[in-house]
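The values are calculated or read from the model by the stated rules, or taken from the named source; none is laboratory data. Not measured: the values here are computed from a predicted model. No Cβ is skipped: glycine too gets one built from the backbone with ideal geometry, and neighbour counts run over all protein chains shown.
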Amino acid sequence: MSAKFVVSKGVDSQYRFNLIAPNGQIILRSEPYGSKTGALNGIQTVRARAQNDGNYERRTASNGEPYFVLKALNGEIIGRSETYTSRFGMESGIAAVKHNADIAILVES
């Protein structure tokens, strides 16, 4: 299986995308977009920003588990990860986004 960006429209009529690693795990979930074009532009922004470690913000959830967000040039959040049980897991998630963002195929549902 290849890495892929999956774009879908939710029941709230908002578009979102997920970056899915070759093992089937979602490694980045987007913020909602009002249009499909917005979501597709968001994917292009992920591709452009994923390689620079400075574009990631490492955070801690209220339950103490680490997660990360990827930010656009304007500081807005493009996507966020799931929470991880360790900082090592979070760093591995960031590495997976960096590795897969450029090579992921686009799937529209």
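Would region 10-29 turn up any residue that is part of a strand (DSSP E or B) and more than 19 Å from Ala104 (Cα to Cα)? Among the residues of region 10-29, not one is part of a strand (DSSP E or B) and more than 19 Å from Ala104 (Cα to Cα), which makes the answer no.
Checked against the criterion of being of a type in the set (Gly, Ala, Ser) and in contact (Cβ under 8 Å) with a residue 40 or more places away in the chain, the candidates Ser30, Ser35, Ser62 yield just one match: Ser30. Only residues that are more than 15 Å from Ile94 (Cβ to Cβ) and among the hydrophobic types (A, V, I, L, M, F, W, C) were counted across region 33-71, and they come to 5. Within region 43-85, if we keep just the residues that are within 17 Å of Ile26 (Cα to Cα), in contact with a strand residue (DSSP E or B) (Cβ under 8 Å, 6 or more places away or on another chain) and polar (S, T, N, Q), the residue that is surrounded by the most Cβ atoms within 10 Å (Cβ to Cβ) turns out to be Ser81. Within region 76-90, the residues that satisfy the criterion of being over 14 Å from the mean Cα position of the chain (by Cα) and either at pLDDT below 95 or under 19 Å from Asn23 (Cα atoms) (or both) are Tyr84, Thr85, Phe88, Gly89.
Selection of region 95-109 for residues being surrounded by fewer than 19 Cβ atoms within 10 Å (Cβ to Cβ) and either outside any strand (DSSP E or B) or not hydrophobic (A, V, I, L, M, F, W, C) (or both) yields Ala95, Lys98, His99, Asp102, Ile103, Glu108, Ser109. Condition test on Met1, is it assigned to a helix (DSSP H, G or I) and not polar (S, T, N, Q)? Spelling it out, it is not the case that Met1 is assigned to a helix (DSSP H, G or I) and not polar (S, T, N, Q).
Does region 36-57 include one or more residues that are among the β-branched types (Val, Ile, Thr), outside any helix (DSSP H, G or I) and either in contact with a Gly (Cβ under 8 Å, 6 or more places away or on another chain) or within 23 Å of Ser2 (Cα to Cα) (or both)? Checking region 36-57: not a single residue is among the β-branched types (Val, Ile, Thr), outside any helix (DSSP H, G or I) and either in contact with a Gly (Cβ under 8 Å, 6 or more places away or on another chain) or within 23 Å of Ser2 (Cα to Cα) (or both). Looking only at residues in region 7-32 that are β-branched (Val, Ile, Thr) and surrounded by 18 or more Cβ atoms within 10 Å (Cβ to Cβ), the one that is nearest to the chain's Cα centre (by Cα) is Ile27.
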